[in-house]
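The values are calculated or read from the model by the stated rules, or taken from the named source; none is laboratory data. Being a predicted model, the structure only gives us computed values, none of them experimental. Here Cβ is always computed from backbone atoms with ideal geometry, including for glycine, and neighbour counts include all displayed protein chains. Please note that ligands, DNA and RNA were not included when accessible areas were found on the heavy atoms of the full protein model with its side chains. Shrake-Rupley method; radii C 1.70, N 1.55, O 1.52, S 1.80 Å.
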Amino acid sequence: MKSTAHDFKENAHKALHDTELREALSVVGKNFILKRRLAADALPEFETLRDEAVEIKKRTLNELDLHLERFERKVIEHGGQVHWCIDAAAARETVLSICRSVNAKTVTKGKSMLGEEIGINGFLEANNIRPIETDLGEYIIQLADEPPSHIIAPAVHKTKSQIADLFEKHHKLPRSMDGEALVAEARAMLRQAYFDADVGITGANFLVAETGSSVIVTNEGNGDLTQTLPQIHIVLASIEKMVPTFEDMATILRVLARSATGQQMSVYTTVSTGARRAEDPDGPEQYHVVMIDQGRSAMLGTELQDLLRCIRCGACMNHCPIYHAVGGHAYGYVYPGPIGAALDPALLGVAEALHLPNASTFCGRCEEVCPMRIPLPKIMRHWRERAFEDGIQPVVQRSAIRLWAFFARNPLLYRLNTRAAMWALHALGAARGRFKSLPFASGWTAGRDLPAPQGGTFHAQWAAKKGRTK
Amino acid sequence: MSARDRILGNVRSALGRAEPDDKTRAAYDARFDAHTRNTVPARASVPHAALIERFIAEAHLVGATTARLDRLDDVPAAVASYLRDKNLPARIRVAPALQSMSWGEQPVEVGYGKAEPSDTATLTRALAGVAETGTLLLTSGPQTPTTLNFLPDANLVVLTETDIVGAYEDGWDRVRALGATPRAVNFVTGPSRTADIAQELILGAHGPIDLHILVLKN
Ligand code: SF4
């Protein structure tokens with residue numbers, strides 16, 4: 001996917017003035033948060049399971065080479081193939097050559113964030129192969145020609161009315177505003193596509209080293225039809241999806257759905273192991289795992305390693321005040337919200353994704369709810385420091401920080417100046433109690449007033465109070 | 001250098017690990033025989049009668065329906081009345097695993113094998129039911145084709161009480177007991193659903209709209 005992360009400020013500004021987006025996003029803050037809370041509270045072992053899930057993934061990453069080797073061996077034992085791809089370009093070529101081996105005309109697709117990351121749809125289209133998204137949310141945004149705005153609810157930015165318009169235009173059926181009727185329409189449109197497709201592509205929530213299995217976790221059943229009906233199943237997976245055993249996966253599953261949608265368990269958890277057996281009446285004849293690095297191995301052994309625990313549940317964005325305000329598209333890349341602010345700079349480079357780590361109030365809710373306890377705010381701070389060290393922050397910001405640093409290192413000057421500024425603002429604004437506008441502060445005063453200072457500086461008040469409270 | 005060797009090499013150098021020798025590899029593989037469990041929720045470790053009740057209650061919570069039957073011979077009548085009540089066509093695609101069952105006088109057209117595009121209802125057999133979340137465990141194979149679980153509007157599943165277990169781990173032990181790992185193992189928790197249209201929960205997105213579980217005493 002092409003990034004527009006460098007335009008975050010303009011993107012966010014536009015998003016804040018988009019009334020339909022505001023309407024669509026209003027449910028995210030309420031729905032997801034409440035449901036996760038209820039699901040977590042209903043399972044007494046939830047916090048213990050989180051701790052164990054973190055430990056499992058830490059252990060797994062520390063022996064990732066052994067797990068990857070075993071996984072490959074087991075896939076081959078079950079009649080499948082593993083294709084190792086160092087980056088997105090290699091992965092795209094691999095998928096294309098598998099599709100070409102059967103002269104594929106259409107490809108059905110289950111939801112895959114990695115698929116977005118490597119830009120597989122555009123690439124297949126450019127090579128005259130039609131990719132058809134089958135997850136309802138992905139289907140909607142494919143019709144709208146937009147990228148996903150949420151990692152588990154890709155069309156969460158669309159109102160029902162916008163979806164009704166899209167379906168009317170593309171399905172050539174009378175416009176309906178009934179949710180069930182809209183779902184039934186999409187169901188009927190996609191039915192034949194499953195049978196016609198030559199190849200089905202899915203992502204993977206887990207790769208299990210024990211048996212060489214890939215696992216998808218879904219609610220709609222589209223992923224299963226996508227991977228069962230065509231003659232070829234291609235799995236797109238990045239190397240950090242590995243878990244050692246089925247028991248380990250069970251532990252992570254127990255925190256995944258609860259954190260994501262507030263379900264105890266998603267409807268379909270499908271464990272796929274190799275190709276159709278000789279005696280099987282259905283299932284794909286070929287099973288290919290495209291094993292993609294794309295920057296992951298470079299994160300191992302660094303302060304970014306924690307990010308490789310991410311199970312893409314979406315809880316961090318569901319609980320993020322910035323995400324609630326601007327939505328996913330403003331971030332300008334595949335992964336929005338706190339995980340995007342922490343991960344996108346690693347995938348895109350700090351210069352491109354400079355603004356994302358700043359898109360945070362540092363309230364810490366993301367880390368609190370992250371089932372894998374990823375220190376997201378700490379990683380965002382890391383990127384801010386990197387941006388400063390690399391000298392790629394805007395000049396105004398850099399000079400302001402320099403100026404502040406100069407005064408902070410000279411306490412006497414600092415106090416004199418703050419006292420003078422305080423006194424001046426008090427004198428100017430005391431009558432009305434607030435400022436409607438101030439030079440250099442229009443970013444603040446455009447949307448709200450700035451209260452006028454009521455008296456002395458913090459230092460002065462502290463000095464005065466100290467004597468009394470002791 | 002192949003992409004495989006580059007990726008494994010990058011992983012090893014990032015982690016400061018040497019290429020493992022045969023002894024390390026053997027010790028690593030041996031760990032997989034232990035099937036060590038992590039914490040299993042207490043709700044999965046209750047007497048069997050309570051597990052059956054839990055399974056049924058959880059299945060209802062996720063929108064599945066159930067019927068309790070004494071024996072396999074009661075299934076055809078239960079299927080016929082279900083199709084009638086649901087206003088579905090009186091025909092069903094049945095898993096070969098249930099081929100021995102006699103349909104007698106039931107007014108239902110029965111076909112066996114994998115699901116076909118025109119099938120509106122299917123009947124299959126579960127390997128196990130997991131009580132902790134009302135989850136069915138369905139496996140692929142000539143006796144229980146996978147398409148039966150996903151293509152129809154209504155999926156009916158036979159589950160024997162003795163096959164109801166507490167936790168996912170117990171269910172996976174049943175899979176291990178089969179010997180070879182089947183191509184597909186499906187954990188199914190309720191009928192298909194979506195919330196992709198303005199966050200409204202709607203059943204029957206692409207998979208079955210109805211999931212009906214026939215729980216057999218034996
Ligand atoms: S960072 Fe944590 S909360 Fe966010 S998607 Fe990943 S696992 Fe979920």
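Would you confirm, using the coordinates I've provided, whether A:Ser101 is away from the ligand (no atom under 16 Å from the Cβ), open to solvent by less than 50 Å² (accessible area, probe 1.4 Å) and out of contact with any helix residue (DSSP H, G or I) (no Cβ under 7 Å at 6 or more places or on another chain)?
no
Is segment A:257-279 home to any residue that is within 12 Å of the ligand (Cβ to nearest atom), of a type outside the set (D, E, K, R), closer than 13 Å to A:Asn205 by Cα and touching a strand residue (DSSP E or B) at 6+ places or on another chain (Cβ under 8 Å)?
Within segment A:257-279, one or more residues are within 12 Å of the ligand (Cβ to nearest atom), of a type outside the set (D, E, K, R), closer than 13 Å to A:Asn205 by Cα and touching a strand residue (DSSP E or B) at 6+ places or on another chain (Cβ under 8 Å).
Which condition breaks for A:Asn410 when tested against (1) away from the ligand (no atom under 16 Å from the Cβ); (2) at positive phi?
If we test A:Asn410 against (1) away from the ligand (no atom under 16 Å from the Cβ); (2) at positive phi, just (2) comes out false.
Residues A:Arg386, A:Arg381, A:Arg402: which one is within 16 Å of the ligand (Cβ to nearest atom) and open to solvent by 70 Å² or more (accessible area, probe 1.4 Å)?
Just one listed residue meets the conditions, A:Arg381.
Can you tell me which of (1) at pLDDT 75 or above; (2) closer than 20 Å to A:Asn358 by Cα; (3) not β-branched (Val, Ile, Thr) is the one A:Gly443 doesn't meet?
Among (1) at pLDDT 75 or above; (2) closer than 20 Å to A:Asn358 by Cα; (3) not β-branched (Val, Ile, Thr), A:Gly443 violates only (1).
Residues that are within 10 Å of the ligand (Cβ to nearest atom), in contact (Cβ under 8 Å) with a residue 40 or more places away in the chain and in contact with a Ser or Thr (Cβ under 7 Å, 6 or more places away or on another chain): does segment A:310-325 have at least one?
yes
Any idea which of (1) modelled with pLDDT of 95 or more; (2) outside any helix (DSSP H, G or I); (3) more than 10 Å from every other protein chain (Cβ to nearest Cβ) is the one B:Thr162 doesn't satisfy?
It is condition (2) that B:Thr162 fails.
Being of a type in the set (A, V, I, L, M), more than 8 Å from chain A (Cβ to nearest Cβ) and within 30 Å of A:Ala237 (Cα to Cα) narrows it down to one of B:Met1, B:Met101, so name that one.
B:Met1
Within the bounds of segment A:330-344, is there any residue that is in contact with a helix residue (DSSP H, G or I) (Cβ under 9 Å, 6 or more places away or on another chain), open to solvent by 10 Å² or more (accessible area, probe 1.4 Å) and at pLDDT below 95?
Yes, segment A:330-344 contains a residue that is in contact with a helix residue (DSSP H, G or I) (Cβ under 9 Å, 6 or more places away or on another chain), open to solvent by 10 Å² or more (accessible area, probe 1.4 Å) and at pLDDT below 95.
For segment B:29-114, which strands (runs of 3 or more DSSP E) that fit wholly inside it have 2 or more residues that are among the hydrophobic types (A, V, I, L, M, F, W, C)?
B:65-69, B:91-94
Identify, from the list A:Glu247, A:Glu240, the residue that is within 27 Å of A:Cys316 (Cβ to Cβ), facing another protein chain (nearest Cβ under 7 Å) and in contact with a helix residue (DSSP H, G or I) (Cβ under 6 Å, 6 or more places away or on another chain). Full working, then the answer.
Working: A:Glu240 fails: facing another protein chain (nearest Cβ under 7 Å).
Residue meeting the stated conditions: A:Glu247.
What's the number of the only condition in (1) within 11 Å of the chain's Cα centre (by Cα); (2) more than 19 Å from A:His233 (Cβ to Cβ) that B:Val185 fails to meet?
Here B:Val185 meets the rest and fails (2).
Looking at A:Ile292, is it near the ligand (Cβ under 10 Å from one of its atoms) and either acidic (Asp, Glu) or modelled with pLDDT of 95 or more (or both)?
No; evaluated as a whole, the condition is false for this residue.
Return yes or no: is A:Ala341 more than 16 Å from the ligand (Cβ to nearest atom) and in a helix (DSSP H, G or I)?
No, not satisfied.
Starting from segment B:95-106, take each residue that is closer than 17 Å to B:Thr146 by Cβ and list its partners that are surrounded by fewer than 16 Cβ atoms within 10 Å (Cβ to Cβ) and at pLDDT 95 or above, counting only C-beta distances under 7 angstrom and pairs at least six apart or across chains.
B:Ala95/B:Gln143; B:Pro96/B:Tyr112; B:Pro96/B:Gln143; B:Ala97/B:Gln143
Of all residues in segment A:255-274, how many are open to solvent by less than 10 Å² (accessible area, probe 1.4 Å) and at the interface with another protein chain (Cβ under 7 Å from one of its Cβ atoms)?
9
Taking segment B:148-169 only, how many residues are more than 20 Å from B:Leu203 (Cβ to Cβ) and either touching a Cys at 6+ places or on another chain (Cβ under 9 Å) or open to solvent by less than 10 Å² (accessible area, probe 1.4 Å) (or both)?
Selection size over segment B:148-169: 7.
Those residues that are outside any loop (DSSP other than H, G, I, E, B) and open to solvent by less than 10 Å² (accessible area, probe 1.4 Å), I need them from segment B:115-146; list them, please.
Passing the criteria: B:Ala121, B:Thr122, B:Leu123, B:Thr124, B:Ala128, B:Gly129, B:Val130, B:Thr135, B:Leu136, B:Leu137, B:Leu138.
Looking at segment A:345-377 only, could you name the residues that are assigned to a helix (DSSP H, G or I), open to solvent by 30 Å² or more (accessible area, probe 1.4 Å) and either more than 14 Å from A:Ala330 (Cα to Cα) or within 10 Å of the ligand (Cβ to nearest atom) (or both)?
Passing the criteria: A:Ala346, A:Leu347, A:Leu348, A:Arg365, A:Glu367, A:Glu368.
Need pairs with beta-carbon distance below 6 Å; first residue free of Cβ contacts under 8 Å to residues at least 24 places away in the same chain and within segment A:85-101, second basic (Lys, Arg); sequence gap 6+ or separate chains.
none
Within segment A:326-338, which residues are within 9 Å of the ligand (Cβ to nearest atom) and not in a loop (DSSP other than H, G, I, E, B)?
Passing the criteria: A:Gly337, A:Pro338.
Quick test for you: out of A:Ala197, A:Ala193, pick the one residue that is more than 28 Å from A:Phe32 (Cβ to Cβ), in contact with a Ser or Thr (Cβ under 6 Å, 6 or more places away or on another chain), surrounded by fewer than 24 Cβ atoms within 10 Å (Cβ to Cβ) and more than 9 Å from chain B (Cβ to nearest Cβ). It would help to see each step written out before you state the result.
Numbers: A:Ala197 fails: surrounded by fewer than 24 Cβ atoms within 10 Å (Cβ to Cβ).
Just one listed residue meets the conditions, A:Ala193.
In segment B:25-47, which residue that is open to solvent by 60 Å² or more (accessible area, probe 1.4 Å) and polar (S, T, N, Q) is farthest from the other protein chains (Cβ to nearest Cβ)?
Result: B:Ser45.
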